[in-house]
Structures are given as structure tokens and as C-alpha cells.
Amino acid sequence: MANFYLDNSDLKHHLNHPLMKKLVALRERNYSDAEKYDYAPFNFEDAMDSYEKVLEIAGEISGEIVAANAEDVDHEGPHVVDGHVVYAKGTQKNLDALVKAGLMGISIPRRYNGLNFSLVPYIMAADMVSRADAGFVNIWGLQDCAETIYEFANEEQKQKYLPRVCAGETMAMDLTEPDAGSDLQAVMLKATYSEADGCWYLNGVKRFITNGDGHIALVLARSEEGTKDGRGLSMFIYDRNDGGVTVRRIENKMGIKGSPTCELVFKNAKAELCGSRKLGLIKYVMALMNGARLGIAAQSVGVSEAAYREAIAYARDRKQFGQAIIEFPAVFEMISLMKAKLDASRSLLYETTRFVDMYKAYEDIAKERSLEPEERAEMKAYQKLADAFTPMAKGMSSEFCNQNAYDCVQVHGGSGFMKDYACERIYRDARITNIYEGTTQLQVVAAIRHVTTGTYLNQLHEYDKIEYKDDLKPLQTRLQAMTAKYAELVEKILANPQSTDVEIDDQRANVKALREKLATIDSEEAKHLNELADYLIKKSVWILGGDGWAYDIGFGGLDHAIASGKNINILVMDTGVYSNTGGQQSKATPMGASAKFATAGKALPKKDLGMIAMSYGNVYVAQISVGANDMQTIKALNEAEAYDGPSLIIAYSHCIAQGFNLADGLEHQKNAVETGSWPLYRYNPENVSAGKAPLMLDSKAPSKPLSDYMSNETRFQVVNKMNPERYETLLNKAQENVKEKRSLLEHMAEYKVEEDTSAAE
């Protein structure tokens, strides 16, 4: 009889990891449940005996029933009858067998009729079921849904739903929508609360929902009227018994055909709020997705196992040129590499599972009592490792799964292209693993911060502290050398401030060296990192806009940006008028200028955007004019780029709406500076720490009267022709304003922050 646990010694190896003793003791609260439940273990050995017996049963069901039904399920698939899913006959048989064996609630606590097993045997069962039929694992246990209810629902909801899961009811997580895809912030399924009956009702459409007609569903919906982002989303529990949801269709998929992927229509579907409002995406879905990613990693490893076994069995049996094709070096090498990828994936899967298991055990204990300081520290350490390893486990195992499925078909040659062999189905089933629950690219994004923050490097150092057997010491030596190179390169890349052109050139050299090392590593992760390596080089990223946006209609957004403290560079092209709308007046229009719909001449000074930005004290600000001083312009742009914080550069920009010959634009800019209409300066907060004044005044005192500048622009002379007296008044006020502004800038250029010595006395 086929038994997928007994025929795979790798599973028992990972089950007997040294950390399991501590993990199981935490899970079992030092085996206190033995007093309440006759099937609860009384010590570690008893617990492990239970794990093994249950895994043997799961292995037998996987090998004898699920695997035997896989081909028929693939051909028949599920279908829709009266708006609901009817499973393929083989799928229902599989489900009945698991329910009869009591395997539906492996990881759920005993008080809800579960077995209270650690995640490790739960993931092992998923590993074996996936080897038998990748699609069926999506129906059994569906990727952490029950665990999410246990973690976040109230006690009444736990008592209501978890025993039903343990009794055999299936689950679904209804997240994605036709127009949302991976962008879950765009979810628009509407949740409305009825005061009359104290219930929530859901309306809208969900798409690509795995096992979408499950008995119990976790639904992400928009509960907050008028919101468009993740802050308006909440999590709900939908019970199929209440009705209101119909299956519009089942997707016609490439693989995992036994698993119904549904498009659902919600029409006043009654639901219960799970947890708190507005935390649906921010907190609950993020936790759910992490659990689901671990489940997909297990699914990937199971499919990898199936691909490897199909390949080696065929290679041993298939004769060519008088010998089995496994004797050919090319085939032998291919199968050896498949095994290496499988072993690497499985090792990473169970290492990650133990990390998740440990921190979740402590989180659960924290609901019952306060954790000791060392317990809390340990929980945080394992949580950090789980966060780092989960995306890597999902990304790596799913990519290796696809590679192994591909090579399995290749070993079979032309036969592998036919439905007569299981490898054709395995190949199709594998493809989804690096797509759903976040593509590999998204896993890289999730994992990359742990490269830069040292999580992976620190864990490599921890692995180096382990005592290795003599036959493994050469591998340890290689690991040490690779770790040292990795650490050196990471330090070079991260320590480079990239504030000058020379430092940026150095970073380019560092990235080139990184790419050379990546080229020697034959893995999908290395390829992905190679694709992303350029992001380690500082990019010159700027926000560009005109004065109408910056001073007026978009000022609120600009102010929010500079107040954020983020490293944002903003360049404002200041024409002093709404140029794009025909020369309307704006807050940037200078005193005395006429404008469209405002021909009398502006009576007030223009808004001082630079002074407003300087008032924050942590914003780099510069006012520039390329026609007046090109070197000052270059210097300001370089300093803004180097400044680690918000930067605002206001550039004089001549425009046809000003009313002069644009061929004289640069000379006109120079005239604006020399008359004091446009002073040049740079405000650098970093000067304060160096004992210097933050403001550097780059233009000299006005050498010409303001009238020399205003007389050359039609927008000023229109006022002069219409009302000479008003023009003269406004000119005098503007001249006085230039004088006052110059005096203020000169004072600021001399101001230095005195060092506080009182603390030293």
C-alpha cells in the first residue's frame, strides 16, 4: 500500500528537529491538556507518537485515495448547479476520507474539537496531500483561514465556526475582485450595517476565489463610506447557510482543476464583522496572506516531490540504446539537480514553519498571561525570522517547483507531452504556485528589506555556530567564505551615503561586483536579485510642477510632502502666473502685475514659498536662476540631491504670459536678480551642525532699480497705461518689499545656532 509518509524519510527527519521539544511544550502548555482530554499527550514522547500516527494516516490517505483519484478529478473537475459548486466525485471521496479520519482540524485547539498539533505536522500533511493532488490541498484546510478566525475572531465566533471546520466544513478567503487583482486596497465590495437587525450585508463581486463556495468564508469588504484605500476595509465572516452568494462561474484553469476557482456575486449577503473595523487589510489580511504563503510553499514542495518521483521512476524504466536513460550523464545530472532543489525547498519550508510555530505559540500564550521579558524577546526574534523567511520560502519553493515540473516533462521526452503520464498534469498544476498569494516578484519585494537590515546575515552567523559532522565541515567552510563575501559586499553597499557623484560611481562599482557574484549562482533568487540590483544605486528622482500648482491649487499636497521629512526632491518652475490657463493671477503673481481677469495690478506681494519651507527647519530650500548664475543652479541641484530629507528648489522660469521677447529670456532672468526681484539663495539645514548659518545668500545687493525689470514686461506696463498713478504706487510698494526682503535674507545669512553648553556645566 502506498503511504506518502512512510516512503519519505525526509519528513521524519524534519519532524525530529531539536527545536520541536520546546515548540511542542509551548503548544501543549507543558502538557496541561492531558488532565482535560483523554487524547491529549502527557509528555513530548507521547506528543511525537501522536504526530507520527496521524501523519501515517494522512500519508495513507494521500497515497491510496487522493493520488488514485487525481487523474479523474483533473478530467472531471467541479461544476456549477443552481448557483453552487458540485465537486468532482473523486474530490468528494478525498474529503470524506479526511473527515472520517478526523484530519480537518489538525492545528485547531482541542476546546474547538481540533487536535492542537503544531504547524509542522500540519504543513507535512499539506506537503503529502499536494504530492498526491495539488488542487485538493486548496480545499482541505484552505491556507490558514481557520487559524485566522482563531487568531482574530471573538470567542462566540470561534465557538460557532471552528468546530464546524473540524467536523469537515470547508473554507474560502474572498479577497480579490475583477478590477483589483493584487491591489487589495482597490477592493470595492460594499459592506453596509443595518441598524434595524444589527447585521452587516455584503454586495458586489469577487473573482479568482479559490474554493469560493466553501461553507465559511473570510471576506474583505469596504465598510467605510467614501474611502478608497486600505483604511476603509474590514474583514467579515460569511456563512453559506445564510445565503446571499451565488457562483456566477468557475474559471477554466490551466491546472489544479479539482479546486474550483469562482466568480462570486454577493446580494445582501449576511455577514459578521471579524475583529475591528478598518483593520481588514492592514492587519487581518496581512496575517492571513503570510499563513497562505506558507501553505503555498508546502504545496510547491509536494508538487516538486511528485515531479522528482515521476522523473526518476521513468528514467529507471525507460530504455534507450540498450540501457536505462538514467545512466546517461545528462539525465542523471538533471534528476540529481531536481533532488537538490526539492531538498533545499523542503529544508527552507520546515525551517520557516518552525519559526512561525514558535512566535505564534508565544502570541497564543500572551492571550492567557503576560509573557516574561525573555519570552517576549524570543517571540519577537522568531517573528522577525518568520517575516524574513516566509516570502523566501514561498518564492524559492514555487520557482523550484516549476523548474522541477519542467524537467520532469523533459525527462519523459515526447511522452511527457501526453496525458498518458502524470507529469503533464503536474506541469500544469505547478504553474500557479509562483503566481497566487503573491507572485515571486512580490515575494522578492517583501524579502529584500531583510537583506539590507541584516536579518539573513545574522541568521547565517547563527547557522555557523552549530556543531557540524565531519563530512559536512567542507560545506560549512564554503558557507563561511560565502557569508564573509556577502557581509563585505552588503556593508559596502549599505554604508555608501551616495551623496556625491564619486560615491555614486563607487556604488555602481559595488553593484557591478554584486552582479559578478550573482552570475556564479544558479538560482532563481540570484536572477531576481540581479534584475533588482540597479535599485541599490541612488536614483535622481524629482517632482516637477509649476507655480500654479505649488503656490495655489496643489500647495496642500506640496506642504504635506515637505512636512513628511522624507527624502523628496521638488522643483518648482516659477513663471509668476497661471501660464497654462492663459495668464490668470495666482499667489505667485508679483506685486504690480496684471493678469487675465485681474487687469488692475496685484496689490499684495507674492507668496514666499521658500520662506514657508525654511520655517520647518529640516527642508533644503534654494531659489535659482540659470540665466543669472548657472553655477549656483548646478550647486543647488547637487546639494538638494545629496540632502537626506525634503528638498525644494524654486527656479525662475520666463514665460510668454509675462509679455517680453523670449529670445532675451536669460538676460531677463539676470535683470530680475540684479534688481532684487528674484534673490538667489540656498538654505541647507546641515550647515547648522557644522556651526554655519543655514542660509547662504548667493546674489549681491540690488544694483538696479526695480523699475528696470518691471518696465520690460507687458504685464506691468498694462497697469501703467491704464492707471499710471496706481502703477507708481504699486512700484514703490514693490521696491520697498525688495528692500525688506533683502534685509531679512542678509540677517538670516549671518545667523548661526549657538551651541548649548549648559548641559556640560
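The values are calculated or read from the model by the stated rules, or taken from the named source; none is laboratory data. For clarity, every value in this text was computed on a predicted model and none was experimentally measured. Heads up, the Cβs are rebuilt from the backbone with ideal geometry, glycines too, and the neighbour counts pull from every protein chain shown.
Values computed for the structure shown
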| item | result |
| --- | --- |
| Residue in the stretch 664-671 that is surrounded by 14 or more Cβ atoms within 10 Å (Cβ to Cβ), modelled with pLDDT under 90 and under 23 Å from residue 597 (Cβ atoms) present | no |
| Residue among 349, 337 that is in contact (Cβ under 8 Å) with a residue 40 or more places away in the chain and either under 22 Å from the mean Cα position of the chain (by Cα) or surrounded by 24 or more Cβ atoms within 10 Å (Cβ to Cβ) (or both) | 349 |
| Exclusive hit being farther than 14 Å from residue 739 by Cα and surrounded by 18 or more Cβ atoms within 10 Å (Cβ to Cβ), set 690, 657 | 657 |
| Some residue of the stretch 187-199 being under 23 Å from the mean Cα position of the chain (by Cα) and either in contact (Cβ under 8 Å) with a residue 40 or more places away in the chain or in a strand (DSSP E or B) (or both) | yes |
| Filter result for the condition that a residue is in contact with a Cys (Cβ under 8 Å, 6 or more places away or on another chain) and over 24 Å from residue 324 (Cβ atoms), over 433, 439 | 433 |
| Residue in the stretch 236-243 that is basic (Lys, Arg), crowded, with 24+ Cβ neighbours inside 10 Å and in contact (Cβ under 8 Å) with a residue 24 or more places away in the chain present | no |
| Residue 437, sole failed condition from (1) among the charged types (D, E, K, R); (2) buried (at least 23 other Cβ atoms within 10 Å of the Cβ); (3) assigned to a helix (DSSP H, G or I) | (3) |
| Search result, residues across the stretch 100-129 that are more than 28 Å from the chain's Cα centre (by Cα) and within 20 Å of residue 23 (Cα to Cα) | 105, 106, 108, 109, 110, 111, 114, 115, 116, 117, 121, 125 |
| Criterion: under 16 Å from residue 543 (Cβ atoms), assigned to a helix (DSSP H, G or I) and in contact with a strand residue (DSSP E or B) (Cβ under 7 Å, 6 or more places away or on another chain) - qualifying residue of 622, 613 | 613 |
| Conditions (1) buried (at least 20 other Cβ atoms within 10 Å of the Cβ); (2) modelled with pLDDT of 95 or more: number failed by residue 343 | (1) |
| Test set (1) crowded, with 24+ Cβ neighbours inside 10 Å; (2) under 31 Å from the mean Cα position of the chain (by Cα) - residue 287 fails condition number | (1) |
| Matching entry among 139, 106, 123 (being more than 16 Å from residue 64 (Cβ to Cβ), touching a Pro at 6+ places or on another chain (Cβ under 7 Å) and among the hydrophobic types (A, V, I, L, M, F, W, C)) | 106 |
| Qualifying residue in the stretch 10-17 (condition: part of a loop (DSSP other than H, G, I, E, B), crowded, with 21+ Cβ neighbours inside 10 Å and touching a residue at least 12 places away in the same chain (Cβ under 8 Å)) | no |
| Residue match in the stretch 319-333 (condition: touching a residue at least 60 places away in the same chain (Cβ under 8 Å), touching a Lys or Arg at 6+ places or on another chain (Cβ under 9 Å) and closer than 17 Å to residue 150 by Cβ) | no |
| Test: residue in the stretch 692-708 that is within 15 Å of residue 590 (Cβ to Cβ), in contact with a Phe, Trp or Tyr (Cβ under 6 Å, 6 or more places away or on another chain) and touching a residue at least 24 places away in the same chain (Cβ under 8 Å) | no |
| Of the criteria (1) more than 19 Å from residue 636 (Cβ to Cβ); (2) of a type in the set (A, V, I, L, M, F, W, C); (3) surrounded by fewer than 22 Cβ atoms within 10 Å (Cβ to Cβ), which one residue 571 fails | (1) |
| Residue match in the stretch 446-463 (condition: acidic (Asp, Glu), in contact (Cβ under 8 Å) with a residue 24 or more places away in the chain and assigned to a helix (DSSP H, G or I)) | no |
| Subset of the stretch 40-52 [without any contact (Cβ under 8 Å) to a residue 24 or more places away in the chain, in a loop (DSSP other than H, G, I, E, B) and within 16 Å of residue 114 (Cα to Cα)] | 41 |
| Single residue of the stretch 105-122 satisfying the filter (touching a Phe, Trp or Tyr at 6+ places or on another chain (Cβ under 7 Å) and either closer than 13 Å to residue 61 by Cβ or not in a loop (DSSP other than H, G, I, E, B) (or both)) that is modelled with the lowest pLDDT | 106 |
| Conditions (1) under 21 Å from residue 298 (Cβ atoms); (2) outside any helix (DSSP H, G or I); (3) among the polar types (S, T, N, Q): number failed by residue 347 | (2) |
| Every residue from the stretch 126-159 that is among the polar types (S, T, N, Q) and in a helix (DSSP H, G or I) | 130, 138, 143, 148, 157, 159 |
| Members of the stretch 533-548 that are surrounded by 14 or more Cβ atoms within 10 Å (Cβ to Cβ) and either more than 28 Å from the chain's Cα centre (by Cα) or in contact (Cβ under 8 Å) with a residue 40 or more places away in the chain (or both) | 536, 538, 545, 546, 547, 548 |
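Residue-by-condition table, conditions (1) aromatic (Phe, Trp, Tyr); (2) outside the structural domain of residue 264 (by TED's automatic domain parsing); (3) surrounded by 14 or more Cβ atoms within 10 Å (Cβ to Cβ):
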| residue | (1), (2), (3) |
| --- | --- |
| 28 | no, yes, yes |
| 37 | yes, yes, no |
| 45 | no, yes, no |
| 78 | no, yes, yes |
| 88 | no, yes, yes |
| 91 | no, yes, yes |
| 94 | no, yes, yes |
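Condition check ((1) among the hydrophobic types (A, V, I, L, M, F, W, C); (2) outside the structural domain of residue 684 (by TED's automatic domain parsing); (3) within 40 Å of the chain's Cα centre (by Cα)) across all residues:
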| position | (1), (2), (3) |
| --- | --- |
| 550 | yes, no, yes |
| 560 | no, no, yes |
| 566 | no, no, yes |
| 569 | no, no, yes |
| 575 | no, no, no |
| 596 | no, no, no |
| 599 | no, no, no |
| 610 | no, no, yes |
| 619 | yes, no, yes |
